[in-house]
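Heads up: the structure comes next, in structure tokens.
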Amino acid sequence: MTPPVDPNAVLMTGENSFIRLSHDGGKTQSDRFSHWRVLWCPAGAGHVLFAQSELTTGQTRVYSDNPAVARWLQRTIETLVASADRIRLTWYDCIEAFVLNAPPGFNNRPIGVFSTFFPARSAQVEWNGRFATGQPWAETRGDRQASSACLAWSETWVKPRS
């Protein structure tokens, strides 16, 4: 029987919803947005948006209400750097939700994540009144239909105990 408590150390808990867009069905990415709502990590709580887009001529930008959380995410899970604009991310036409279970070592990754995914068939990015023109693409995760645009809620990242 599987023990009821995961043996790994908790790195962070919160949400990490994302939108990745493409003009060629996912062969290349035109836009990548990763929104973090951190409920707890060693640097505290806060919100961070990592963005790289055709709307920024490919430049990477970082927005946060807690710079310590943004720096912690950059060192631990994400990597990027940024400014001050109006950005709206929209997910719609969602398909059946599922729980992603990717413990440390899965796909040769040193850290793991457990999350509830709400994949969206469609998503939109608005940046200062301009719209990204790429589209999300279909993906599968395990045996589940997913996409490159997901609301990822109730997310916990873990690492093996040392």
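The values are calculated or read from the model by the stated rules, or taken from the named source; none is laboratory data. Please read these numbers as outputs of a predicted model, since none were measured by experiment. As a convention, Cβ positions derive from the backbone with ideal geometry for all residues, glycine included, and neighbour counts pool all protein chains shown. These area figures cover heavy atoms from the full protein model, side chains too; ligands, DNA and RNA do not enter into them. Shrake-Rupley method; radii C 1.70, N 1.55, O 1.52, S 1.80 Å.
Checking the a/c ratio against 1.5 first, then a/b against b/c, what shape does the Cα gyration tensor give for the range 1-64? Mind dumping the intermediate values first?
Values: a/c = 4.13, a/b = 1.72, b/c = 2.41.
Oblate, since a/c reaches 1.5 and b/c is not below a/b.
Between residue 47 and residue 143, the FRET efficiency estimated from the beta carbon spacing at R0 = 45 angstrom works out to 0.90.
Applying 1/(1 + (r/R0)^6) with r as the Cβ-Cβ distance of residue 92 and residue 128 and R0 = 22 angstrom yields a FRET efficiency of 0.55. If you compute Rg and Dmax of the Cα atoms in Å for the structure shown, which of [x] 14.8, 46; [y] 16.0, 54; [z] 16.9, 57 do you land on? Checking each listed value against the structure points to [y].
Let me have the relative contact order for the range 1-145, percent, based on Cα pairs under 8 Å that are six or more residues apart. Working shown, then result.
Values: 267 pairs, mean separation 28.4, N = 145.
In percent, rounded to a whole number, it is 20.
Take 109, 161 and sort them by solvent-accessible surface of the protein heavy atoms, 1.4 Å probe, largest at the top. Kindly include the intermediate steps, with their values, before the conclusion.
Numbers: 109 115, 161 160 Å².
If we order 109, 161 from most to least accessible, we get 161, 109.
Taking the longest Cα principal axis of the chain as reference, the axis of helix 67-76 is set at about 70 degrees.
Taking a ≥ b ≥ c as the square roots of the eigenvalues of the Cα gyration tensor of the range 54-113, is the shape rounded (a/c under 1.5), prolate (a/b larger than b/c) or oblate? It is oblate, given that a/c is not under 1.5 and a/b is not larger than b/c. Annotation: per residue accessible area for the range 23-74 equals 48 Å², rounded to a whole number [probe 1.4 Å, protein chains only]. Solvent-accessible surface (1.4 Å probe) assigned to residue 144 amounts to roughly 100 Å².
Placing a label point 7 Å from the Cα of residue 75 along the Cα-to-Cβ direction, the residues of the range 24-43 with a backbone N closer than 16 Å are 41-43. Reported to the nearest whole Å, the Cα centre-to-centre distance from the range 87-116 to the range 1-40 is 5. Rolling a 1.4 Å probe over the protein chains gives residue 72 an accessible area of about 20 Å². Ligands, DNA and RNA excluded, the heavy atoms of residue 90 present near 50 Å² of accessible surface to a 1.4 Å solvent probe.
Where does the chain land at 222 nm, in deg cm²/dmol rounded to the nearest 500, when only DSSP H runs of n ≥ 4 count, each adding -39500 (n - 2.57), divided by all residues? Intermediate results must be reported in sequence, preceding the final value.
Numbers: 1 runs with 10 residues, N = 162.
Result for the chain, helices only: -2000 deg cm²/dmol.
So how much slack lies between residue 121 and residue 13, counting 0.36 nm per residue of separation and subtracting their Cα-Cα distance, in nm?
Values: separation 108, 0.36 × 108 = 38.88 nm, distance 2.57 nm.
Answer, rounded to one decimal: 36.3 nm.
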